[in-house]
Amino acid sequence: MRIGDYHPSQARALVELWRASFEHGVGIKDHHPIEEQLAHFVDRVAPTHSVRVVTEGSRLVAFMASTPDSISHLYVRVACLGQGIGSKLVELAKTESSGGLWLFTFAQNRNARRFYEHRGLAEIERESENMWKLEAIRYSWVRNKSAT
């Protein structure tokens with residue numbers, strides 16, 4: 001497996017992976033048109049985030065969109081969950097961070113919550129002001145100053 005930078009030719013495969021992983025983790029069907037989600041990614045996510053992709057040969061198996069302060073998207077192909085791919089992406093985000101990270105995940109996504117908690121992120125607040133009207137948990141991680 002290889003971690004590399006996102007290329008625009010990967011947009012559709014990335015969004016399809018995102019949707020399938022989201023639906024699996026949250027347990028709901030995304031009824032938004034795929035073209036709408038694709039436009040959102042191309043117009044709003046890719047220009048403002050560092051987007052990394054994980055490939056196995058020519059197949060996209062995961063991606064992460066992050067800034068020095070946050071992880072806005074981290075999705076792994078459902079068939080590839082539990083292989084350490086997400087862990088590598090979180091570690092990359094921590095390394096490239098400004099010293100701390102925050103992210104949201106939905107409360108009902110128990111696997112994601114457990115995943116982030118096992119990687120040193122702590123719950124700091126809950127909210128439900130999102131388009132899904134689902135409870136979301138904000139997680140935070142701060143670099144240990146003695147480890148630098």
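Restricting Gly84, Gly120, Gly100 to residues that are within 19 Å of Ser50 (Cβ to Cβ) and modelled with pLDDT of 95 or more narrows the list to Gly100. As for region 74-92, it holds no residue that is of a type outside the set (Phe, Trp, Tyr), out of contact with any Gly (no Cβ under 9 Å at 6 or more places or on another chain), part of a strand (DSSP E or B) and within 30 Å of Lys145 (Cβ to Cβ). Of everything in region 65-91 that is among the hydrophobic types (A, V, I, L, M, F, W, C) and under 27 Å from Asn130 (Cα atoms), the residue that is surrounded by the fewest Cβ atoms within 10 Å (Cβ to Cβ) is Val78. Among the residues making up region 98-116, a single one is out of contact with any helix residue (DSSP H, G or I) (no Cβ under 8 Å at 6 or more places or on another chain), assigned to a helix (DSSP H, G or I) and surrounded by 13 or more Cβ atoms within 10 Å (Cβ to Cβ): Arg113.
Total residues in region 10-53 satisfying the condition of being in contact with a Leu (Cβ under 7 Å, 6 or more places away or on another chain), without any contact (Cβ under 8 Å) to a residue 60 or more places away in the chain and closer than 20 Å to Ala79 by Cβ: the figure is 7. If the condition is being part of a loop (DSSP other than H, G, I, E, B) and surrounded by fewer than 16 Cβ atoms within 10 Å (Cβ to Cβ), then region 120-145 contributes Gly120, Ser128, Glu129, Asn130, Met131, Trp132, Lys133, Leu134, Glu135, Arg143, Asn144.
For region 46-56, indicate whether the set of residues that are at pLDDT below 95, surrounded by fewer than 17 Cβ atoms within 10 Å (Cβ to Cβ) and part of a loop (DSSP other than H, G, I, E, B) is non-empty. Don't jump to the end; show me each part of the working.
Taking region 46-56 as the starting set, the residues that turn out to be at pLDDT below 95 are none.
No, because not a single residue in region 46-56 is at pLDDT below 95, surrounded by fewer than 17 Cβ atoms within 10 Å (Cβ to Cβ) and part of a loop (DSSP other than H, G, I, E, B).
Of all the listed residues (Arg77, Arg138, Arg143), the sole one being among the basic types (Lys, Arg), in contact with a strand residue (DSSP E or B) (Cβ under 6 Å, 6 or more places away or on another chain) and touching a residue at least 40 places away in the same chain (Cβ under 8 Å) is Arg77.
Which one of Thr95, Thr148 is at pLDDT 95 or above, surrounded by fewer than 18 Cβ atoms within 10 Å (Cβ to Cβ) and among the hydroxyl-bearing types (Ser, Thr, Tyr)?
Working: Thr148 fails: at pLDDT 95 or above.
Of the residues listed, the single one that is at pLDDT 95 or above, surrounded by fewer than 18 Cβ atoms within 10 Å (Cβ to Cβ) and among the hydroxyl-bearing types (Ser, Thr, Tyr) is Thr95.
Return yes or no: is Ala62 at pLDDT 95 or above, under 24 Å from Arg2 (Cβ atoms) and either over 11 Å from the mean Cα position of the chain (by Cα) or surrounded by 18 or more Cβ atoms within 10 Å (Cβ to Cβ) (or both)? Answer is yes for this residue.
Sub-6 Å Cβ pairs linking a first residue in region 93-107 that is of a type in the set (S, T, N, Q) to a second residue that is surrounded by fewer than 18 Cβ atoms within 10 Å (Cβ to Cβ) and part of a loop (DSSP other than H, G, I, E, B), at least 6 apart or interchain, are Ser97/Pro68; Ser98/Pro68; Ser98/Asp69, ordered by first then second residue.
The values are calculated or read from the model by the stated rules, or taken from the named source; none is laboratory data. Because the structure is predicted, anything quoted here is derived from the model rather than measured. Cβ sites come from the backbone with ideal geometry, for glycine too, and all protein chains shown count toward neighbours.
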